[in-house]
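The values are calculated or read from the model by the stated rules, or taken from the named source; none is laboratory data. Note that this is a predicted model, so its numbers are computed, not measured. Note that we place each Cβ from the backbone using ideal geometry, even for glycine, and neighbour counts take in every protein chain shown.
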Amino acid sequence: MSFDLQRLRQSLLPQPETTQFVTEDGAEQLELTPAAVLFPIVRRDAHHTVLLTQRTAHLRDHAGQISFPGGRVEAEDASPTHTALRETEEEIGLARDRIEILGFLPEYRTGTGFRVTPVVALVMPPFELHPDPFEVAEVFEVPLDFLLDPANHQRHSMHYRGALRNYFAMPYGDYFIWGATAGMIRSLTARLGLHPA
């Protein structure tokens, strides 16, 4: 699909929304910690991309996984947008003046105990990145068209905490994009009408 910024804006929520949410298997029984991530779409000339990080292997939560920049809501954060921008700056050093907020996806509730507000944004090159080596092993970009194409969305399952859990994955080259990150991408494709919700 070709990128249509107007269509994307229209598909997003104008404000963070907790009455609309997506729930992973297993999240129903958990007490959930509020968090926010930035869903950063990079405005490239040839094709738009999505900026993703690979987390370092020693982290307590989601070690080694592909993720959006983001994290837990802190007491000083005024909003999910503030959390997402602060965490993005801390994790990869992306300056706020290169980021334009487009809107929000429904809250995403994870089987690992988080309720995440995805903040969708446009990132304007040129920009410099300064990844935090403690948290981030790598920063890379994946074509947006690839991620939005349902043909690239695989269904998987695994046993976790004594139950069979289902999840989506979007393998791209050497990167295995799965779990909450894939779920939030899937949430966007549903809002764009690219597959049934």
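Are any residues in the range 62-102 of a type in the set (A, V, I, L, M, F, W, C), more than 21 Å from Phe21 (Cβ to Cβ) and crowded, with 17+ Cβ neighbours inside 10 Å, and if so, which ones? If you could, list the steps in order and put the result at the bottom.
From the range 62-102, those of a type in the set (A, V, I, L, M, F, W, C) are 63, 66, 68, 73, 75, 78, 84-85, 92, 94-95, 99, 101-102; that's our starting set.
Those left that are additionally more than 21 Å from Phe21 (Cβ to Cβ): 63, 66, 75, 78, 85, 92, 94-95, 99.
Scanning the range 62-102 gives Ile66, Leu85, Ile92, Leu94, Ile99.
Residue count for the range 82-98 under the criterion of being of a type outside the set (D, E, K, R) and either within 15 Å of the chain's Cα centre (by Cα) or part of a helix (DSSP H, G or I) (or both): the result is 6.
For the range 107-117, check the following and say yes or no: at least one residue is closer than 23 Å to Gly179 by Cα, at pLDDT 95 or above and not in a strand (DSSP E or B). No, the range 107-117 contains no residue that is closer than 23 Å to Gly179 by Cα, at pLDDT 95 or above and not in a strand (DSSP E or B).
Every residue, every condition in (1) farther than 26 Å from Leu13 by Cβ; (2) modelled with pLDDT under 95; (3) within 15 Å of the chain's Cα centre (by Cα), yes or no:
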{"site": "Phe134", "(1), (2), (3)": "yes, yes, no"}
{"site": "Val139", "(1), (2), (3)": "yes, no, yes"}
{"site": "Pro143", "(1), (2), (3)": "no, no, yes"}
{"site": "Ser157", "(1), (2), (3)": "yes, yes, no"}
{"site": "Tyr160", "(1), (2), (3)": "yes, yes, no"}
{"site": "Arg165", "(1), (2), (3)": "yes, yes, no"}
{"site": "Phe168", "(1), (2), (3)": "no, yes, yes"}
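Is it true that Leu51 is within 30 Å of Arg165 (Cα to Cα), at pLDDT 95 or above and of a type in the set (A, V, I, L, M, F, W, C)? It is true that Leu51 is within 30 Å of Arg165 (Cα to Cα), at pLDDT 95 or above and of a type in the set (A, V, I, L, M, F, W, C).
Out of Thr23, Thr56, Thr19, report the one residue that is under 25 Å from Gly103 (Cβ atoms), among the hydroxyl-bearing types (Ser, Thr, Tyr), in contact (Cβ under 8 Å) with a residue 12 or more places away in the chain and out of contact with any His (no Cβ under 6 Å at 6 or more places or on another chain). Walk me through how you get there before you give the answer.
On the way: Thr56 fails: under 25 Å from Gly103 (Cβ atoms); Thr19 fails: in contact (Cβ under 8 Å) with a residue 12 or more places away in the chain.
Result: Thr23 is the single residue among Thr23, Thr56, Thr19 that is under 25 Å from Gly103 (Cβ atoms), among the hydroxyl-bearing types (Ser, Thr, Tyr), in contact (Cβ under 8 Å) with a residue 12 or more places away in the chain and out of contact with any His (no Cβ under 6 Å at 6 or more places or on another chain).
Return yes when Leu188 is touching a Phe, Trp or Tyr at 6+ places or on another chain (Cβ under 8 Å) and more than 25 Å from Ala46 (Cα to Cα) and no when it is not. Steps first, please.
Working: touching a Phe, Trp or Tyr at 6+ places or on another chain (Cβ under 8 Å): yes; more than 25 Å from Ala46 (Cα to Cα): no.
In short, no.
Of all residues in the range 103-128, those being surrounded by 17 or more Cβ atoms within 10 Å (Cβ to Cβ) and either of a type in the set (A, V, I, L, M) or free of Cβ contacts under 8 Å to residues at least 40 places away in the same chain (or both) number 7. Of the listed requirements (1) within 13 Å of the chain's Cα centre (by Cα); (2) surrounded by fewer than 21 Cβ atoms within 10 Å (Cβ to Cβ); (3) within 15 Å of Pro118 (Cα to Cα), Leu8 misses just one: (1).
Of all residues in the range 82-96, those that are farther than 16 Å from Ser67 by Cβ have Cβ atoms under 7 Å from Cβ atoms of residues that are assigned to a helix (DSSP H, G or I) and hydrophobic (A, V, I, L, M, F, W, C), 6 or more apart or on another chain, in Arg96/Leu85. The strands (runs of 3 or more DSSP E) located wholly in the range 118-197 that include 2 or more residues which are within 22 Å of Arg98 (Cα to Cα) occupy 136-143.
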